[in-house]
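The values are calculated or read from the model by the stated rules, or taken from the named source; none is laboratory data. These figures come from a predicted structure and were not determined experimentally. Here the Cβ positions follow ideal geometry from the backbone for every residue, glycine too, while neighbour counts run over all protein chains shown.
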Ligand SMILES: Nc1ncnc2c1ncn2[C@@H]1O[C@H](COP(=O)(O)OP(=O)(O)OP(=O)(O)O)[C@@H](O)[C@H]1O
C-alpha cells in the first residue's frame, strides 16, 4: 500500500554544516514528486533523509519530522533498516551486483531477509521484472550476470530489485542521468506506471523530465554558497512550470540561472 510522506520543519546537518533548512512538504500517496534546483541546494540530502540513508554518513543527522502516514521515521525505536525496506531507493548510476545473476539480483533483498523457498523467489523475481518492464528482455537469460545488461536495462533491474521487497515509497536520485535518451524514456514510462502502486520522489536536473513525470514539483535553492538550502516553493507541476509564485523559481525553470 502506497503511503503519504509529510516533512515537518526538517533541518539537515553534516556535522557542523547546516545543509538544508526548515523544509515542510506534503507528498500524496501514489503521486510523483520531483525535486529540482541548482547543484548543491540539498535535493539529494533531503531525499536521503526520507529513508534514513542520510545518517549512514558519519556525523550526519536531521531534526524535525518525516512522517510515513502517521509514523515518524525518526521516532525512538524505529529501525532504520526496516525504514529502508519500506522506503526503497534507486541511485544515479545503476548498481546491480555485476557477477550475480539477473534473478538473484532481483531477489537479493528477500534472500537477506530469510526467504529461501525457490518457487516463491522465482515468483517474486518474475513479478518484479514484469513490474520494471524488463521481463520480456531477460526471461531467457535469468541466470546470466546482471552486469551483462545495458545501462538502461541495469537501471530497470535496480528498480525491479527495489520493488521486490514490496516498498511503499520509491526514491529515485537522478535515475536517468547515466542513460541515453531511449533508456530515459523507458524509465519515465515506467515511473508513470509505477505510480499506480507506489509513492515516488525523484531528484532530477532535467526540467522536461520533471514536467513529464511529476504531479508535484518542489523547487529548492540556496541564497549563497555555504548557506543552507531551502525549499522555495512546491505545488502542482503544471502550476510551478506555468505560473510559479516566486521569481527565483521562474528564473531557474526558464534557464536564467542554475
Ligand atoms: N557526505 C557529505 N558530507 C558533507 N557535506 C555534504 C555531504 N553530501 C552533501 N554535502 C553538502 O550538502 C550540500 C547539499 O548537497 P546535495 O548533494 O544534497 O545537493 P544537490 O542539490 O543534490 O546537488 P547536485 O544537484 O549537485 O547533486 C552541499 O553543500 C554539499 O556539499
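Numbers below:
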quantity	calculated
Pair list, Cβ under 6 Å, 6 or more apart: the stretch 35-53 residue closer than 16 Å to residue 222 by Cβ and at pLDDT 95 or above, other residue near the ligand (Cβ under 8 Å from one of its atoms) and assigned to a loop (DSSP other than H, G, I, E, B)	43/37
Candidate set from the stretch 14-35 (those that are crowded, with 17+ Cβ neighbours inside 10 Å and within 9 Å of the ligand (Cβ to nearest atom)); member that is farthest from residue 211 (Cα to Cα)	19
Breaking point among (1) in contact with a helix residue (DSSP H, G or I) (Cβ under 9 Å, 6 or more places away or on another chain); (2) over 22 Å from residue 86 (Cβ atoms), for residue 247	(1)
Unmet criterion (only one of (1) part of a loop (DSSP other than H, G, I, E, B); (2) within 16 Å of the ligand (Cβ to nearest atom); (3) surrounded by 14 or more Cβ atoms within 10 Å (Cβ to Cβ); (4) at pLDDT 95 or above) for residue 92	(4)
Any helices (runs of 4 or more DSSP H) falling wholly within the stretch 163-256 and containing at least 2 residues that are more than 16 Å from the ligand (Cβ to nearest atom) and either touching a residue at least 60 places away in the same chain (Cβ under 8 Å) or closer than 25 Å to residue 51 by Cβ (or both)	181-194, 207-213, 237-242
Residues located in the stretch 111-126, provided they are closer than 28 Å to residue 177 by Cβ and surrounded by 14 or more Cβ atoms within 10 Å (Cβ to Cβ)	125
